[in-house]
Amino acid sequence: MPTSPRILALGGSLRRDSFNQKLAAIALAGAREAGADTTLISLRDFPLPLFDTDREAAEGMPEAAGKLKVLFREHHGLIIASPEYNSSITGALKNAIDWISRDEDEGEPPLAAFRGKTAVLCSASPGALGGLRGLVHVRSILGNLGVVVLPNQVAVSRAHEAFADDGSLKDAQQVAKVKALGSALAGHLWKLLA
Ligand SMILES: Cc1cc2nc3c(=O)[nH]c(=O)nc-3n(C[C@H](O)[C@H](O)[C@H](O)COP(=O)(O)O)c2cc1C
């Protein structure tokens, strides 16, 4: 019996009504429908100080970073819905990546939160490009950390008009595209784990 893929999804925003958090949930539903075990988290629930090596040396890893790192380690796949800030990744997402990229003890393999994981990326923005430019940077960062980032990605433009009040996407074709992203990741992992 093959192991079911475990997929973690998050938005790269701290905003309460984040479009990207909603997008992460929809992509994750696609992964769930493809048989994956799924976990949705919000970075809002992992408040982190700005990474600082002096602070790390004095106090170690903050509890929230430790919890986030365990979650990354426990999952095979990642769905990251990354807002675009000034053509790039948000400070919140980069800061979280920086914290969990750190080793906590001697015996720990380097970059344990990332190496061997597979990810897909998506973004949503009120702008016409849907945050597409930021995904180039997220792809590069994750790739350098040892994550295999699948070529599939989706950018939802005019996000302020695209989502209904309940967090769903209004357009059925767009829903299908976003869910297909999650199911592609699950399908890839099913093959990898077989
Ligand atoms: C500091 C800042 C920079 C931004 N830069 C961009 C940008 O380069 N491209 C873009 O499409 N939207 C940009 N935006 C708009 C965001 O896409 C928008 O705030 C979006 O709602 C963020 O995602 P969220 O809803 O998941 O928080 C920027 C917003 C902020 C606050």
Hey, any hits in segment 109-117 for a residue that's within 11 Å of the ligand (Cβ to nearest atom), open to solvent by less than 10 Å² (accessible area, probe 1.4 Å) and either more than 15 Å from Ser13 (Cα to Cα) or touching a residue at least 60 places away in the same chain (Cβ under 8 Å) (or both)? no
Identify the single condition in (1) in a loop (DSSP other than H, G, I, E, B); (2) within 22 Å of Asp37 (Cα to Cα); (3) not hydrophobic (A, V, I, L, M, F, W, C) that Asn152 does not satisfy, given that it satisfies every other one. (1)
Take segment 1-27 and flag every residue that is touching a helix residue (DSSP H, G or I) at 6+ places or on another chain (Cβ under 6 Å), near the ligand (Cβ under 7 Å from one of its atoms) and closer than 15 Å to Gly91 by Cα. Gly11, Ser13
Which listed residue, of Val154, Val136, is among the hydrophobic types (A, V, I, L, M, F, W, C) and either more than 15 Å from the ligand (Cβ to nearest atom) or open to solvent by less than 70 Å² (accessible area, probe 1.4 Å) (or both): Val154
Test Leu129 against the criterion of being part of a loop (DSSP other than H, G, I, E, B), open to solvent by 30 Å² or more (accessible area, probe 1.4 Å) and in contact with a strand residue (DSSP E or B) (Cβ under 8 Å, 6 or more places away or on another chain), and give yes or no. yes
Of everything in segment 56-98, what is among the charged types (D, E, K, R) and free of Cβ contacts under 8 Å to residues at least 60 places away in the same chain? Give them in sequence order. Glu56, Glu59, Glu63, Lys67, Lys69, Arg73, Glu84, Lys94, Asp98
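The values are calculated or read from the model by the stated rules, or taken from the named source; none is laboratory data. Everything numeric in this text was worked out from a predicted model, so none of it was measured. For neighbour counting, all protein chains shown are included, and Cβ atoms are generated from backbone atoms with ideal geometry for every residue, glycine included. What goes into the accessible areas is simple: the full protein's heavy atoms, side chains included, and nothing from ligands, DNA or RNA. Shrake-Rupley method; radii C 1.70, N 1.55, O 1.52, S 1.80 Å.
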